[in-house]
1. Within the P(r) computed for region 48-100, what percentage of the Cα pairs occupies the region above 19 Å?
2. How big is region 231-321 in terms of Cα radius of gyration and Dmax, in angstroms?
3. Calculate one ³J(HN,Hα) per residue across region 187-199 by plugging θ = phi - 60° into the Karplus curve 6.51 cos²θ - 1.76 cosθ + 1.60, and present them in order as whole Hz with x for glycine and proline.
4. Which one of 268, 286, 322 has its Cα pushed farthest toward the positive end of the charge dipole of region 255-342, where Lys and Arg give +1 and Asp and Glu give -1 at the Cβ?
5. Which order results if 335, 150, 286 are arranged by neighbouring Cβ count within 10 Å, fewest first?
6. Amide H to amide H, which residues 5 or more places from residue 166 or on other chains are under 5 Å from it, using H placed in the peptide plane?
7. Order these by the 10 Å Cβ neighbour count, fewest first: 128, 257.
8. Please work out the C-alpha center-to-center distance from region 57-98 to region 240-265 and express it in whole Å.
Amino acid sequence: MTRNKCAACYRQFNKMEHLVEHMRNSYHSFHEPMCGICGKRCRSFESLREHLIGLLPKAECERIFKDQGCDLCLMVLNSRNALRVHRETCQLSRVNTMDMLYRLPNLGIHDDLKIDNGRTRVVALACKMVGGGSDGTLDLCGRVCLIDEYENVIFHTYVKPQLPVTNYRYETTGIRPDLLKNAMPVRLVQQKIQNFLCNGEPIWKVRSRGGRARILVGHGLDHNLRSLEMEFPPIMIRDTAQYPPLMKSSKISNSLKYLTRTYLGYEIQTGIQDPYEDCVATMRLYKRMKFQVHKNEDYPLATDPQNRNNFAQWRQNELERMTPDELLEISRSDYYCWCFDTKEGA
């Protein structure tokens with residue numbers, strides 16, 4: 001059963017106790033994407049997109065959305081003119097990375113990473129992998145980029161892996177053997193990046209009180225961090241591949257190429273791929289999710305002990321008297337919504 005707005009669930013149940021039991025486990029939330037026409041809550045933007053313009057959309061919502069809806073952010077505007085004005089700012093353009101591609105082989109740019117006393121609060125990281133192993137399928141970091149939230153490059157260099165490279169994957173990476181010959185060793189890259197992300201503190205201190213570290217944005221960050229032989233506190237990671245509203249309805253990750261085309265309105269990863277372009281895409285996706293306006297909640301996570309949807313049996317009569325909207329009011333999300341980063345000043 002799909003986890004839609006409680007009002008929709010309400011119509012599917014003959015007995016109120018079934019609805020209450022559903023509420024115990026569904027973790028409905030004001031942070032879930034909502035249809036601006038009928039008010040239905042969906043677990044992801046993919047589910048909402050199916051509801052509005054999918055193979056079997058709701059007819060009335062589809063009709064209105066075709067005239068007044070933005071197919072990028074799925075917002076419903078008041079008029080066609082308002083939609084036209086909104087679309088001009090909602091659809092973003094691809095960044096120009098050609099100049100950087102020409103300059104990077106000199107290795108004279110952005111390979112020195114200095115602590116800035118926490119002025120840069122949010123950074124995005126992306127890597128491009130070359131192949132190792134006998135068949136060239138082992139991913140080794142051959143290039144890495146780090147940017148701030150204003151899309152300025154903080155660190156961008158080629159990386160020399162510890163293992164021999166057997167496949168440079170030139171068609172997509174643009175990396176040749178001579179570019180890695182005198183490149184920065186992966187251990188040094190790892191030290192520089194980790195030192196910057198942790199504001200110069202040891203990782204064990206940051207792990208115990210993650211607030212001193214910077215927020216790290218990316219796509220498939222677990223894979224990138226492994227390739228750099230790095231660890232970082234999960235509480236400070238914002239991964240567009242693992243963020244529930246950006247995942248498929250089946251809880252499978254979408255590719256960054258798909259997310260950029262679908263939610264930002266432009267294409268990436270065509271031809272030779274640049275990690276700077278991936279950094280920009282993930283930062284833009286993060287900011288689009290971060291600046292969504294949601295109702296304030298004291299406890300954002302259902303996993304917090306004081307915030308679980310554990311409706312006690314003695315509350316059964318009280319819950320049965322509530323409307324679906326009132327039940328939604330007291331239910332909580334089971335993931336950390338990035339809008340809380342705004343409230344925390346990130």
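1. Taking all Cα-Cα pairs of region 48-100, the fraction more than 19 Å apart is 39 percent.
2. 18.5, 62
3. 5, 5, 4, 4, 5, 5, 5, 5, 4, 5, 5, 9, 6
4. Working it through, the farthest residue towards the positive pole turns out to be 268.
5. 150, 335, 286
6. 131, 132, 133
7. By the 10 Å Cβ count, ascending, the order reads 257, 128.
8. Cα centroid to Cα centroid, the span is 18 Å.
Readers should treat all values here as calculations from the given coordinates under stated rules, not as data from a laboratory. Just so we're clear, the structure is a prediction, and the values are computed from it rather than from any experiment. Counting neighbours? That spans all protein chains shown, and the Cβs are built from the backbone with ideal geometry, glycine included.
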